[in-house]
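Notes to accompany the following structure.
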Amino acid sequence: MADLYPLLPVVAGLITLWTVTRNTRLDLRLARHGVRAKGRVIGYHETSSASRMIVQFRTEEGEEVHAEHENTGWTASRAGEIVTVSYDPNLPEIARIVSAPWLSHWVRGLFGSLGVLLVAIGLLLGYLAWR
């Protein structure tokens, strides 16, 4: 039976790339088709595996919404900070922060590069192991 260890970095890299792509697609969709509103960071929702920022804002219809923001830059924010969010008018709970003093997209690039590197390492190991 052939060694399957080269598949480990390939699978890890593909999962990382899928996650980065999914988040980027949602951000781009909200940036293009979403409605923008001023919001305020009101706290955090923490679990054993993740921590998400909670942002409060009002829709154009006046509905108050508390949305969880999935971004690795959450540690730089403080409760009470004013941010700009973009939300889906049909599902305002799906909102992303699009403007804040601490917001940076370098982490997305870092994880995308890591995913590509893991896939390349797995392919090289597979080539060396299976040729």
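Taking H as built 1.01 Å from N, whose amide H comes closer than 5 Å to the amide H of Ser51, not counting residues under 5 places away?
Amide H neighbours of Ser51, under 5 Å, 5+ apart: none.
Give me the percent of accessible area attributable to carbon and sulfur for the chain, probe 1.4 angstrom.
60
Which whole-Hz ³J(HN,Hα) couplings does the range 36-48 yield from phi under the Karplus relation 6.51 cos²θ - 1.76 cosθ + 1.60, θ = phi - 60°, glycine and proline marked x?
8, 8, 7, x, 9, 6, 10, x, 9, 10, 10, 10, 5
Around Arg29, with a cut-off of 12 angstrom between Cβ atoms, what is the net charge of the other residues, counting Lys and Arg +1 and Asp and Glu -1?
+2
For Lys38 paired with Ile82, estimate the spin-label separation in nm (one decimal), with each label point 7 Å from Cα along the Cα-to-Cβ line.
Placing both labels 7 Å along Cα→Cβ, they lie 0.4 nm apart.
Please report the projected area of the range 10-107's Cα convex hull averaged over all directions, in nm².
6.8
Mind checking the per residue accessible area of the chain for me, 1.4 Å probe, whole number of Å²?
Result: 65 Å² of accessible area for each residue.
What does the accessible area of Asp3 come to, in Å² to the nearest 10, when a probe of 1.4 Å is used?
90
Ordered by residue, what ³J(HN,Hα) values in Hz, to whole numbers, does the range 89-98 give under the Karplus form 6.51 cos²θ - 1.76 cosθ + 1.60, where θ = phi - 60° and Gly and Pro are x?
x, 7, 9, x, 5, 8, 9, 10, 6, 10
What 222 nm value per residue comes from the helices of the chain, counting each DSSP H run with n ≥ 4 as -39,500 (n - 2.57) and dividing by all residues, nearest 500 deg cm²/dmol?
It comes out at -14000 deg cm²/dmol, rounded to the nearest 500.
Roughly speaking, what is the stretch gain from Ser51 to Ala129, that is 0.36 nm per residue apart minus the C-alpha to C-alpha distance, in nm to one decimal?
In short, 24.1 nm is gained.
Report relative contact order for the range 1-97 in percent, whole number only (criteria: Cα-Cα under 8 Å, sequence separation at least 6).
After rounding, I find 27 percent.
Set the Förster distance to 22 Å, then compute FRET efficiency between Trp106 and Leu28 from the Cβ-Cβ distance, nearest 0.05.
So, using R0 = 22 Å, E works out to roughly 0.80.
The values are calculated or read from the model by the stated rules, or taken from the named source; none is laboratory data. Since the structure is predicted, the reported quantities are computational estimates derived from the model, not experimental observations. Positions of Cβ are backbone-derived with ideal geometry, glycine not excepted, and every protein chain shown enters the neighbour counts. To get the accessible areas, we keep the full protein, side chains included, count just its heavy atoms, and leave off ligands, DNA and RNA. Shrake-Rupley method; radii C 1.70, N 1.55, O 1.52, S 1.80 Å.
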